[in-house]
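J.: Following this message is one structure expressed as structure tokens.
The values are calculated or read from the model by the stated rules, or taken from the named source; none is laboratory data. This structure is a prediction, so every number in the text was calculated from the model and none was measured. Note that each Cβ is placed from the backbone with ideal geometry, even for glycine, and that neighbours are counted across all protein chains shown. Accessible surface is based on the protein model in full, side chains and every heavy atom, while ligands, DNA and RNA are left aside. Shrake-Rupley method; radii C 1.70, N 1.55, O 1.52, S 1.80 Å.
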Amino acid sequence: MDFGAEKQMLAKALLNVREKLSNDAEKKLNAIEKAIDDIQKPPSEALTNCVKSLEQKVTNCTDELLKLESDVAAARMKHKDLLLQLDASQRCCEDEETKLNSLITANDALEQKVSEKQKMVSVEVAKNEEIVDFNSSNLGLRIRKVSSASKFHNQFQFTNIDKRDPEKIFSITIKLNDDGSYSVTDCQPYIHDLRRLIARLSETDDWHSFFVILRQRFVATVSQS
């Protein structure tokens, strides 16, 4: 085989390889340059509008989120205020219930006291009636029940006080109040210290002493006339 011919063939083959490699490298380089140019080009109008639309939506969502957070905070504050009001109302109801129970207890005690006082008065009046019946000619005292809603509302009539007119009536009308005290609804003639006498009677229930002093006061009015 001719050595010179082989050398030429080999050189030709190498040249072809170099040309092919050069073309491929140039294509790749051109592709890279085009890609760089595409990146550096400004975005299209459609893409710009799309980006702006997305940015606006993000802004709107952010505003709505802030509003929702504000509404939630306000709702929590209102809920807290309602809980405080409810707690205050419950405490107020408990206080009112305690007061009501206290009033009921006090009223029951007062009713018991009045009932006991009425029994004592009934007993005392019965005793006085016996004394009056026994000594009516000397004492000149009569008892007349007055029509009233009160269980005890009586008029006590004294005679034999004015020597010039022994039948002249000197009277006092007394009733028992709901609180167990006594009050005067009428007194003829009026006694100057009647309030003190009736207050003393309310404290002691000493009817005997009350009648004695009252009769003395009536006698004194005759002496002064």
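J.: Roughly how much of Phe210 is accessible, in Å² to the nearest 10, using a 1.4 Å probe?
T.: Answer for Phe210: close to 10 Å² accessible.
J.: Subtract the Cα-Cα distance of Arg76 and Ser223 from 0.36 nm times their separation in residues, and report this length gain in nm to one decimal.
T.: 44.3 nm
J.: May I pose another question? Set the Förster distance to 25 Å, then compute FRET efficiency between Gln216 and Glu116 from the Cβ-Cβ distance, nearest 0.05.
T.: Calculated value: 0.25.
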